[in-house]
Amino acid sequence: MQHNGPSPAVRRLLDSFSPRLAVEEARTPPALWYIDPEFFAWECYRLLCTWQPAARLSCLEKPGAYVAGRWLNLPYVVVRDEKGTLRALANVCRHHAAEVAVGTGCAAELVCPYHGWSYHLHGGLKRAPGLGRAAGFRVEEHALPPLHVECWGPWAWIHGGTPERSLREALQPLYLRLAGMEFESLTHVARREYELACNWKVFVDNYLDGGYHVASVHAGLAGGLDLSQYRSEIHERFSIQSCPAAAEHTPSGVEFAERLEGTACYAWIYPNFMINRYGPMMDTNWVVPLSVNRTRVVFDYFFAASHAADAAFVERSLAASHVVQMEDTAVCESVQRGLASGCYQQGPYAAAEAPMFAFHRLLWAELRGQSGV
């Protein structure tokens, strides 16, 4: 479906936000950005054409390996073909639109479970059993549509449209920063998913408030950080927040100290991906909008090899992370209820919330059709 641009109602909501003011003078987006179904629908249409971390490369090492998933209303499959080339395809059968691949696996071909149509790993149609003599049918016109795919860090990323430039080019400064922290050599240990009763931007806003909420919401985590040294850096398509570990850790019910070594680095990639590197660990957060007021956040946990084999350390670390996620879930769902109450329209930004303001400015431009990577 083609769109000429945002509807008049959505455009009015966009016009109520002033991206060119200084953060000290600006006001946050109006509550309707977070609760209006029409605004959400336009947002999803625009966000289809953004880079998304579709699969871990460690799952795609052998020819035939594939990972199927969904980004908004786009089913996709990332696959390593017979020649070792990484490909991304729209995971929609050209017969009656069933999803062809499911989950992860390794196969010599991709076979639709509905009527058995099969596809080569490069996406071309291989067989259409029982089709008969369909008038005007051309095999070459029934391949799975290709998607743009690129490797960056330990992930395969896909783009639902035509990117203006490569992901590597857009994120090169971040790559150099994380490469110094050996983020590509870590071992994936676990995945956890959380579903929140809030708009996806509420979760992103909370992440990008420059540490403003940490002392109030995360008492255990705050006890292991020197929040007076919390810093934020704003880049074109990403931001980095960092904070050193405290010299002395405040005891809490969950042990945070052993995983907070050196400086914690919290990197956000527009619009919805976070990379959190600290001590011997890294976790990533992929924020997936489900509806105007429901969001799934996919957490993947990576550990240095020396710690990945320590089951007790892994378990303690995951438990500490879960405490933080439950605290964030409670506050995000509280914010969503407040946004829907009719008692709130817009608010000021705290000085620390410059990363959040940068996110809102990028999204404003995207939704007006002025930006895309």
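Derivation of every value follows stated rules applied to the coordinates shown; laboratory data play no part. The shown structure was predicted, so the numbers you read here are calculated from the model rather than taken from an experiment. Quick reminder, even Gly has a Cβ in these numbers, built from the backbone with ideal geometry, and neighbours come from all protein chains shown.
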Legend entry - Degrees between helix 354-367 axis and first principal axis of the chain (Cα, 0 to 90, nearest 10): 30 degrees
Inset, instruction - Working from Cα positions, state the angle (0 to 90°, nearest 10) between the long axis of helix 167-179 and the longest principal axis of the chain. - result: 50 degrees
Inset, instruction - Give, in nm to one decimal, the length gained when the segment between Arg294 and Leu72 is fully stretched (0.36 nm per residue of separation minus the Cα-Cα distance). - result: 78.7 nm
Inset, instruction - State whether segment 174-328 is rounded, prolate or oblate according to the following rule on the C-alpha gyration tensor (a ≥ b ≥ c being the square roots of its eigenvalues): a/c under 1.5 gives rounded; otherwise a/b larger than b/c gives prolate, and the remaining case gives oblate. - result: rounded
Inset, instruction - Multiply the residue gap between Cys343 and Asp81 by 0.36 nm, knock off their C-alpha separation, and tell me the result in nm, one decimal place. - result: 88.9 nm
Inset, instruction - Treat the count of other C-beta atoms within 10 Å as a stand-in for reagent exposure and order Trp51, Trp364 from fewest to most. - result: Trp364, Trp51
Legend entry - Binned Cα-Cα distance frequencies in segment 52-159 - 5 Å width, integer %: 2, 14, 25, 25, 17, 9, 5, 2, 1, 0
Legend entry - Shape of the chain, Cα gyration tensor, a/c cut at 1.5: oblate
Legend entry - 0 to 90° range, to nearest 10: angle between helix 311-339 axis and the chain longest Cα axis: 90 degrees
Inset, instruction - Springs between alpha-carbon atoms under 10 Å, Gaussian network over the chain: tell me which of Gln346, Gln52, Gln229 tops the mean-square fluctuations. - result: Gln229
Inset, instruction - Starting from the Cα-Cα distance between Glu233 and Ala350, subtract it from 0.36 nm times their residue separation and give me the gain in nm to one decimal. - result: 40.6 nm
Inset, instruction - Return the single residue from Ser306, Ser239, Ser334 with maximal mean-square fluctuation; model: Gaussian network over the chain, springs between Cα atoms under 10 Å. - result: Ser306
Inset, instruction - Output the relative contact order of segment 52-159, whole-number percent, from Cα pairs under 8 angstrom with separation of 6+ residues. - result: 28 percent
Inset, instruction - Quick one: which residues, 5+ away or cross-chain, put their amide H under 5 Å from the amide H of Arg56? H built at 1.01 Å from N. - result: Ala156
